[in-house]
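The values are calculated or read from the model by the stated rules, or taken from the named source; none is laboratory data. Keep in mind that what you see is a predicted model, and the values were worked out from it rather than measured. Here the Cβ is made from the backbone with ideal geometry for all residues, glycine too, and neighbour counts use every protein chain on show.
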Amino acid sequence: MRIGYAAGAYDLFHIGHLRLLQHAKEQCDHLVAGVVSDEMLREVKGVESVIPTVERAEIVAGVRVVDQVHVETTPSKMDAWRAVGFTHFFKGDDWRGTEKGRRLEEQFAEVGVEVVYFPYTAHTSSTKLRRALDALTAPPLDPTALRLS
């Protein structure tokens, strides 16, 4: 049985998240979505989630292709593997060839887990959505500050 694991923050759930989960399900019998907790987002990425962990986990659990949700409370993907026992780890190809991607591949190779990369949806990301939200909520510019002397 192929048990897949697709980890992410899944904050501001968007088409890239959905496509990752759909592609992952095509490659396995049982798909577990790893939802990174608010605490881990703060610690690892220095980012505050917009949607709290419990709600993000519920949203992801409601996606038809997801069979199970695991909330990640440590930064180690090996801890997630020990808790879930997946055989395949799915990630966006923005990790391919990076130091963290190579390290992950090496760690998982030792326990027989295959790392599978999927196309990263560059035109939509939680980071871009955060920036757009920030721009919408930013105070208006003071027109007098724009005057040239």
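For segment 105-138, which residues satisfy the criterion of being in a helix (DSSP H, G or I), at pLDDT below 95 and among the hydrophobic types (A, V, I, L, M, F, W, C)?
As a first pass, look at segment 105-138 and keep what is in a helix (DSSP H, G or I): 105-110, 126-137.
Subsequent filtering for residues that are at pLDDT below 95 retains 126-137.
Listed by number, the residues that qualify are Leu129, Ala132, Leu133, Ala135, Leu136.
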Consider Glu55 against the criteria (1) part of a helix (DSSP H, G or I); (2) of a type outside the set (A, V, I, L, M, F, W, C); (3) crowded, with 21+ Cβ neighbours inside 10 Å: it satisfies all of them except one. Which criterion is unmet?
-> (3)
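Residue-by-condition table, conditions (1) closer than 17 Å to Tyr117 by Cα; (2) in contact with a Ser or Thr (Cβ under 6 Å, 6 or more places away or on another chain); (3) at pLDDT 95 or above:
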residue	(1), (2), (3)
Lys25	yes, no, yes
Val44	no, no, no
Val54	no, no, yes
Gly62	no, no, yes
Val65	no, no, yes
Thr73	no, yes, yes
Out of the residues in segment 65-86 that are in contact with a Gly (Cβ under 9 Å, 6 or more places away or on another chain), over 11 Å from Gly4 (Cα atoms) and not aliphatic (A, V, I, L, M), state the one that is surrounded by the fewest Cβ atoms within 10 Å (Cβ to Cβ).
-> His70
Do the conditions hold for Asp79, that is, is it over 17 Å from Phe118 (Cα atoms), among the acidic types (Asp, Glu) and touching a Lys or Arg at 6+ places or on another chain (Cβ under 7 Å)?
-> no
If you go through Val60, Val32, the only one that is aliphatic (A, V, I, L, M) and outside any helix (DSSP H, G or I) is Val32
